[in-house]
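The values are calculated or read from the model by the stated rules, or taken from the named source; none is laboratory data. None of these values were measured; they are calculated from a predicted model. Using ideal geometry, Cβ is built from the backbone for each residue, glycine included, and neighbour counts are taken over all protein chains shown.
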Amino acid sequence: MSEIIDKTQCLIIGSGPAGYTAAIYAARADLKPMMYQGLQPGGQLTTTTEVENFPGYPEGSMGPEMMEDFKKQAERFEADIRWGMITEIDLSKRPFIAKADDGKTIEAETVIISTGATARWLGLPSESEYNGYGVSACATCDGYFYRGKDVVVVGGGDTAAEEATYLAKLCNKVYLVHRRDELRASKAMQKRVFNTKNIEVIWNYVPKEITGVTEGFAKRVTGVTLTNVLNGEERNVPIDGFFVAIGHKPNTELFTGQLKMDETGYLITQPDSTATNIPGVFAAGDVQDHVFRQAVTAAGTGCMAALEAERYLASLED
């Protein structure tokens, strides 16, 4: 019995703002795209509460609800959106061959990768408990909710320094907690931190537990217990927000050895393009963007990837 293969002009791997936007554009271009949503349908935005900075939502929107809107819009144009994930893919020749965890094999003329990136967390149980209720990995996304309040930023690299200085413009006090006695951030970023009056660096400490309260159906962070790595001394810091800034990990393991990546695993795309080093394969969203990492920029690159896939297919017919 011969193997049944599903065929598509455009396979989208991963969802979120980039993937769903790519699906909308590809479907409207009559590419009949097929999407496998991945382990976290809707991407990182589904772990957030209120999103206030995406255009077109003047009253804001809950992250999961916004991603459901994106999904419904793609389905309106008959995009084939499927539960599950792609577990194998061969990009060595066209058509590209992928295998999904539902047992199906897909033959694709083009591929759009929108598998995103995953924030690195500390691994504290309380970190998971209050994620979205005072715990965040994105100051640009959530800092606005902590205007005039006190927050902690954990980390010592450029990301942590950038998050701390950004939050310092909004918050009353920012505590930058680092496990060492010097920052890993660039000298320019360190200077910015040290010159910001409402940032206090807490050296040689690590978070032990985030504390909070439950009020009705809502939770909120009230403080953090820190442990000194040198002598074990504990310190309690009252705060309203807790920001983890120890980096992100792009979800690119599936493409190792096939697509060009930088030293941290982000897919490398051509300038002013979403094209990878393999013709017909495009990357959109956080999987190739380690600078902005915003929903609106991810959606923009999703649009670009779909348009580029359409143009690529058209060029084959010329």
State the number of residues belonging to the range 289-318 that are part of a loop (DSSP other than H, G, I, E, B) and without any contact (Cβ under 8 Å) to a residue 60 or more places away in the chain.
4
Taking the range 177-216 and the residues there that are among the polar types (S, T, N, Q) and farther than 23 Å from Lys149 by Cβ, the one that is modelled with the lowest pLDDT would be Ser186
What residue, of Gly84, Gly56, Gly19, is small (Gly, Ala, Ser), surrounded by 15 or more Cβ atoms within 10 Å (Cβ to Cβ) and in a loop (DSSP other than H, G, I, E, B)?
Gly84
Under the condition of being part of a loop (DSSP other than H, G, I, E, B) and at positive phi, which residue from the range 22-53 is surrounded by the fewest Cβ atoms within 10 Å (Cβ to Cβ)?
Asp30
Assess whether Thr196 counts as being under 16 Å from the mean Cα position of the chain (by Cα), polar (S, T, N, Q), assigned to a loop (DSSP other than H, G, I, E, B) and over 23 Å from Phe96 (Cβ atoms).
no
In the range 233-253, what residues are among the hydrophobic types (A, V, I, L, M, F, W, C) and under 17 Å from the mean Cα position of the chain (by Cα)?
Phe243, Val244, Ala245, Ile246
Picked from the range 215-232 (must be part of a strand (DSSP E or B) and exposed (fewer than 11 other Cβ atoms within 10 Å of the Cβ)), the residue farthest from the chain's Cα centre (by Cα) is Glu215
If we keep just the residues of the range 109-144 that are over 19 Å from Gly155 (Cα atoms) and surrounded by 21 or more Cβ atoms within 10 Å (Cβ to Cβ), which is nearest to the chain's Cα centre (by Cα)?
Gly116
